[in-house]
Amino acid sequence: MKLRLLIPFLDNSVDEWATLARLLRWLTFLWLFIGLVILFSASYSIADAGYGDGLYYFKRQIAWVLVGLVVFNLVVHSPLRYIVAIADWAVLLLLALIFITVIPGVGTTINGATRWLVIGGIPIQPSELIKPFLVLQSARVFSKWEQLNFRVRLTWLCIFGFVLLGILLQPNLSTTAFCGITIWLIALAAGLPYIQLGATALGGFLLATLSISLREYQQKRVMMFLNPWVDPLGDGYQLVQSLLAIGSGGIWGTGFGLSQQKLFYLPIQYTDFIFAVYAEEFGFIGCIVLFGFLFVYGTLALLVAQRAQKIVHRLVAIGAMILMVGQSLMNIGVATGALPTTGLPFPLFSYGGNSMIASLLAAGLLIRVARESSEAEVVSLAERRRPQRDRGAEGSRGKGARGRIVSLNRSDFKSKL
């Protein structure tokens with residue numbers, strides 16, 4: 001692959017892409033730009049107080065963005081079948097890393113949760129990086145569900161279960177729930193029997209209930225979600241400050257950079273509660289614009305899924321949409337008190353390199369599906385317009401429309417080597 005294709009703004013092949021793929025690409029870049037702007041505002045004061053450099057978090061986020069964009073363009077220019085083929089190994093590797101984090105003395109504990117491994121000075125959060133690969137592998141498994149024997153089905157269901165168990169042991173109930181919901185929704189989109197889906201949903205609900213009943217801090221989060229004003233200076237403090245920030249924004253907001261709650265009132269305002277800073281600075285109108293943006297992005301993603309020629313591609317597109325739009329809505333739900341307080345980042349907004357890479361990888365998968373679907377449609381249309389005798393002659397040589405699609409994708413890939 002040519003090195004210039006790994007740099008988004010030097011990629012001159014974009015003009016040849018389908019309209020949906022180009023739109024999603026530029027919407028992703030717009031989302032990323034807005035996220036960096038909001039992070040700059042949300043993190044400046046606390047970075048200046050903590051490190052004597054107001055750009056401390058912003059500069060590190062830029063470094064992760066550059067890494068994420070390389071991953072993004074690599075995915076966008078690689079045939080999806082190659083990416084799907086390595087998903088199983090990626091899931092197994094990251095599953096091993098997840099369990100390594102819970103080994104005493106090995107994982108790094110932050111805010112009471114052991115979710116990170118520091119490798120060569122770089123913090124790695126396997127539970128965040130595994131999300132796009134769970135989408136790929138669950139799409140791969142559920143797209144062939146009827147063709148798989150019982151042993152293979154059970155093996156991958158157990159692996160998915162171990163992934164959720166490992167994340168839950170860190171402990172990280174929010175990521176566990178989100179990963180479980182993502183896998184379940186992909187299975188639903190694949191058309192699995194409702195009895196199996198219902199039993200799985202019931203099992204997940206019981207597991208979440210058991211986790212909450214065994215951990216006092218999770219019980220407090222649920223209680224404070226129901227009424228944070230019962231203890232506004234204690235366990236309900238974070239949610240109360242978030243609600244005060246959102247309410248202070250009014251209709252038009254206080255203005256960019258003028259949030260008051262980010263001045264050491266609202267905890268972790270540059271990660272999990274970054275939406276509260278956005279809402280305070282841009283107000284109700286800004287929130288409506290953001291919801292409209294997410295609606296457009298999600299609608300385009302569903303159009304990509306609808307036009308996908310293969311079931312596995314359709315499921316990958318749906319899963320990528322859930323990672324981008326669904327996780328954003330859950331983060332907003334937490335900040336507004338509609339959901340219990342959890343540690344779920346806002347894609348492309350929240351500070352964190354692992355979240356940034358996972359989000360750009362998911363966006364790249366969605367755009368890759370859009371590219372391959374459009375190429376297939378163009379070839380199929382050309383095939384239908386050819387004379388019948390030509391199609392028959394080619395069919396006798398074993399080269400039908402499907403062969404032409406594969407050939408086109410291979411030539412497209414080789415042209416970039």
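Give me a count of the residues in segment 313-336 that are modelled with pLDDT under 95 and within 10 Å of I186 (Cα to Cα).
Summing the residues that are modelled with pLDDT under 95 and within 10 Å of I186 (Cα to Cα) in segment 313-336 gives 0.
Answer yes or no as to whether A113 is of a type in the set (G, A, S), touching a residue at least 24 places away in the same chain (Cβ under 8 Å) and over 12 Å from Q170 (Cα atoms). Please lay out each step first, then the result.
Numbers: of a type in the set (G, A, S): yes; touching a residue at least 24 places away in the same chain (Cβ under 8 Å): yes; over 12 Å from Q170 (Cα atoms): no.
So A113 does not fit the description; no.
Starting from segment 17-41, take each residue that is more than 15 Å from I357 (Cα to Cα) and list its partners that are of a type in the set (D, E, K, R) and at pLDDT below 95, counting only C-beta distances under 7 angstrom and pairs at least six apart or across chains.
W17/R371; A18/R371; A21/R371
Looking only at segment 138-171, how many residues end up being among the β-branched types (V, I, T), under 23 Å from the mean Cα position of the chain (by Cα) and either under 19 Å from G191 (Cβ atoms) or outside any helix (DSSP H, G or I) (or both)?
Here is the first cut: in segment 138-171, the residues among the β-branched types (V, I, T) are 141, 152, 155, 159, 163, 167.
After this cut, where a residue has to be under 23 Å from the mean Cα position of the chain (by Cα) as well, the list is 141, 159, 163, 167.
Those left that are additionally either under 19 Å from G191 (Cβ atoms) or outside any helix (DSSP H, G or I) (or both): 141.
So the answer is 1.
Out of segment 147-171, which residues are open to solvent by 80 Å² or more (accessible area, probe 1.4 Å) and in contact with a Leu (Cβ under 7 Å, 6 or more places away or on another chain)?
Passing the criteria: only F162.
When Q260 is evaluated against the numbered criteria (1) on the phi < 0 side of the Ramachandran plot; (2) of a type outside the set (A, V, I, L, M, F, W, C); (3) touching a residue at least 24 places away in the same chain (Cβ under 8 Å); (4) in contact with a Ser or Thr (Cβ under 8 Å, 6 or more places away or on another chain), which criterion, by number, is the only one it fails?
That leaves (3) as the condition not met.
Can you report the number of residues in segment 172-196 which are of a type in the set (A, V, I, L, M) and more than 21 Å from the chain's Cα centre (by Cα)?
Pass one, segment 172-196, residues of a type in the set (A, V, I, L, M): 173, 177, 181, 183, 185-190, 192, 195.
Add one more test, that the residue is more than 21 Å from the chain's Cα centre (by Cα), and what stays is 192, 195.
The number of residues fulfilling the criteria is 2.
Regarding T271, is this residue farther than 19 Å from L134 by Cβ, polar (S, T, N, Q) and at pLDDT 95 or above? Break it down into steps so the answer makes sense when it comes.
Working: farther than 19 Å from L134 by Cβ: yes; polar (S, T, N, Q): yes; at pLDDT 95 or above: no.
So T271 does not fit the description; no.
Of the numbered conditions (1) within 22 Å of P171 (Cβ to Cβ); (2) under 28 Å from the mean Cα position of the chain (by Cα), L266 satisfies every one except a single condition; which is it?
(1)
Exactly one condition in (1) without any contact (Cβ under 8 Å) to a residue 40 or more places away in the chain; (2) in contact with a Ser or Thr (Cβ under 9 Å, 6 or more places away or on another chain); (3) buried (at least 23 other Cβ atoms within 10 Å of the Cβ); (4) of a type in the set (G, A, S) is false for G364; which is it?
(1)
The values are calculated or read from the model by the stated rules, or taken from the named source; none is laboratory data. Since the model is a prediction, treat every value here as computed from it, not as a measurement. In this analysis, Cβ positions are derived from the backbone assuming ideal geometry, glycine residues included, and neighbour counts consider all displayed protein chains. Surface accessibility is based on the protein's heavy atoms, side chains included, excluding ligands, DNA and RNA. Shrake-Rupley method; radii C 1.70, N 1.55, O 1.52, S 1.80 Å.
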